[in-house]
Amino acid sequence: MELEQLLQKHFGYTTFRPGQKEVIEQLMAGKDVVALLPTGMGKSLCYQLPGYIFNKPVLIVSPLLSLMQDQVDQMKQFGEKRVVALNSFLTPEQKRYALHFLHEYRFIFTSPEMLLQPQVKERLAQIDLSLIVADEAHCISQWGFDFRPDYLRIGETIDASNRPPLLALSATATTTVLKDIEQYLKMSEPYQFIHDVDRPNIHLAKKFFQHKEDKLDWMIEHVKKTEGPGIIYTQSRAKTENISLMLLEQGIAAAAYHAGKDAQDRQFIQQQFIAGDLDWIIATNAFGMGVHKNNIRQVIHESMPATVANYMQEIGRAGRDGKDSLVFLLYADGDEQFAKFIVTDDLPKAAHAHSYADMRARRENPVNMINAGEISETAFRVLHYWMQQETLEEVKSRLLSMEIKKYEAVKAMMKIIETEGCMRALLVEHFGQILAYTPDNCCSGCGMDYDRLLRTRQQVQAPVTTISWQTRLRQLLIQDV
């Protein structure tokens, strides 16, 4: 049966989107594949259709619990029952059940950390997998070295001598990130499908302010006057709460989203936004990955992203329906210094490496560094990983190199801000590509007619407040009674 026939049989589509067929053909031929497909181009079909063709389990390594849960829920809504997420949401009893029947599932989602658990590794080794997928594979490079080192160990868990094809999926990746993906996944001469990273329907604006406080005044007035839905990104949890409250006072349906909120509350807020009950989300970069909302019309960066990759991923959440969307990058003098602080704050330092080595020499448990408040859990996790791999001097050198790379990433983002030329051309160039053409209303550098891109907010709503999912549930139950 032809691939198009199988596509229609299992998904109801008659044609593939760009890149999907090429990727699937290579996987069916037994090749490893790295596929860079823009958000909204149907990356998940690249492993879902092979799952039905091979009729053996597909293992998907996913970066976020909320993302994998969302993917599992979507599959179940479309009638796929043989899908499971191995994650910390499972009770011990549920986990035992899932592992016992793991071979009967068609799609198995898990995290890098769960993948390394001995009982999970042992059980997976007993299963004849058809495909292994690293979803959002850029996280291997962006998170693995200095945030979640277990990402660098995914390749260690896979028996290279007897494994199925490996598929690495992402929306954006530089040439350096591509090399990291291939190296740490231990891929064998993978086929690469690299789609154009440019999204012509996303129009790039930047605004400069003399004082940081002026940004807030501009945002409140702008959001009051123009239509969403939209996302405001900021670097501070406190700012997300403050801005959301100010918008609520103006009668705008808004909510704050950050990692400090309870997981259920975050899920509830996300669902409200997707359903259209909220017009604006004010978030740290904890929000966005795996959020399927097609009609986001605006994205505002209240403070500069620390990397061009983060900026590209975050603005990429706009305009997935192909319609015009506008993104704003706000800048005030000194923003880059704060960005440098943010990206290096949780890195372990040379002094931490010395302390770790001294404790190990005294046969003390280095984890006591966390208990003593000497180091954060994130920094310790990174330090512990590299101290197992390298000598003290090598680790110190690596930590310095990490810090320098972080500063260089901020500088690259500053080039986008400072350029008087085309922002889009610089963005595309950062990912090793050349801009094919300049769309109308391209960017601030090329000239922008905001009236053509923004709609006036028609209705001023009564002040609203967001409530927790527990309170909302109690209200619904009372109403039912």
| request: Within the stretch 104-113, identify whether any single residue is crowded, with 19+ Cβ neighbours inside 10 Å, out of contact with any Ser or Thr (no Cβ under 9 Å at 6 or more places or on another chain), under 21 Å from TYR151 (Cβ atoms) and aliphatic (A, V, I, L, M), and answer yes or no. | output: yes
Scanning the stretch 298-318 for residues that are touching a Gly at 6+ places or on another chain (Cβ under 8 Å) and either in a helix (DSSP H, G or I) or more than 27 Å from MET414 (Cβ to Cβ) (or both) gives GLN313, GLU314
Residues of the stretch 96-118 being at pLDDT 90 or above, within 22 Å of GLU156 (Cβ to Cβ) and charged (D, E, K, R), in sequence order, are none
(request) Please verify whether the stretch 356-372 includes one or more residues that are closer than 22 Å to LEU392 by Cβ and among the aromatic types (Phe, Trp, Tyr). (result) yes
Residue set ALA29, ALA85; condition among the hydrophobic types (A, V, I, L, M, F, W, C) and surrounded by fewer than 20 Cβ atoms within 10 Å (Cβ to Cβ); output residue ALA29
Output for Cβ contacts, cut-off 7 Å, separation at least six or different chains, first residue part of a helix (DSSP H, G or I) in the stretch 94-111, second surrounded by 15 or more Cβ atoms within 10 Å (Cβ to Cβ) and among the charged types (D, E, K, R), reads LEU99/ARG123; LEU102/ARG123
Taking the stretch 328-359 and keeping residues more than 27 Å from the chain's Cα centre (by Cα), touching a residue at least 12 places away in the same chain (Cβ under 8 Å) and surrounded by 13 or more Cβ atoms within 10 Å (Cβ to Cβ) leaves ALA350, HIS352, ALA353, HIS354, SER355, TYR356, ALA357
The lone condition ARG455 fails out of (1) of a type outside the set (Val, Ile, Thr); (2) in contact with an Asp or Glu (Cβ under 8 Å, 6 or more places away or on another chain); (3) buried (at least 18 other Cβ atoms within 10 Å of the Cβ) is (3)
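Condition check: over 16 Å from the mean Cα position of the chain (by Cα), modelled with pLDDT of 90 or more and outside the structural domain of TYR450 (by TED's automatic domain parsing). Does SER188 satisfy that?
No.
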How many residues of the stretch 217-239 are buried (at least 17 other Cβ atoms within 10 Å of the Cβ) and farther than 20 Å from ARG297 by Cβ? The answer is 3
Checked the stretch 386-440 for anything under 23 Å from ALA353 (Cα atoms), touching a residue at least 60 places away in the same chain (Cβ under 8 Å) and more than 22 Å from the chain's Cα centre (by Cα); matches are TRP386
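Here's the yes/no breakdown for (1) touching a Lys or Arg at 6+ places or on another chain (Cβ under 9 Å); (2) surrounded by 22 or more Cβ atoms within 10 Å (Cβ to Cβ); (3) at pLDDT 95 or above:
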| position | (1), (2), (3) |
| --- | --- |
| GLY290 | no, no, no |
| ILE300 | no, yes, yes |
| ALA306 | yes, yes, no |
| ASN310 | no, no, no |
| GLU314 | no, no, no |
| LEU326 | yes, yes, yes |
When the stretch 253-288 is checked residue by residue, the ones that are in contact with a Lys or Arg (Cβ under 7 Å, 6 or more places away or on another chain) and more than 13 Å from ILE231 (Cα to Cα) are GLY260
How many residues of the stretch 1-19 are touching a Phe, Trp or Tyr at 6+ places or on another chain (Cβ under 9 Å) and surrounded by 14 or more Cβ atoms within 10 Å (Cβ to Cβ)? The answer is 6
PHE209 meets each of (1) surrounded by fewer than 19 Cβ atoms within 10 Å (Cβ to Cβ); (2) within 26 Å of the chain's Cα centre (by Cα); (3) not β-branched (Val, Ile, Thr) with one exception, condition (2)
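The values are calculated or read from the model by the stated rules, or taken from the named source; none is laboratory data. This structure is a prediction, so every number in the text was calculated from the model and none was measured. In this analysis, Cβ positions are derived from the backbone assuming ideal geometry, glycine residues included, and neighbour counts consider all displayed protein chains.
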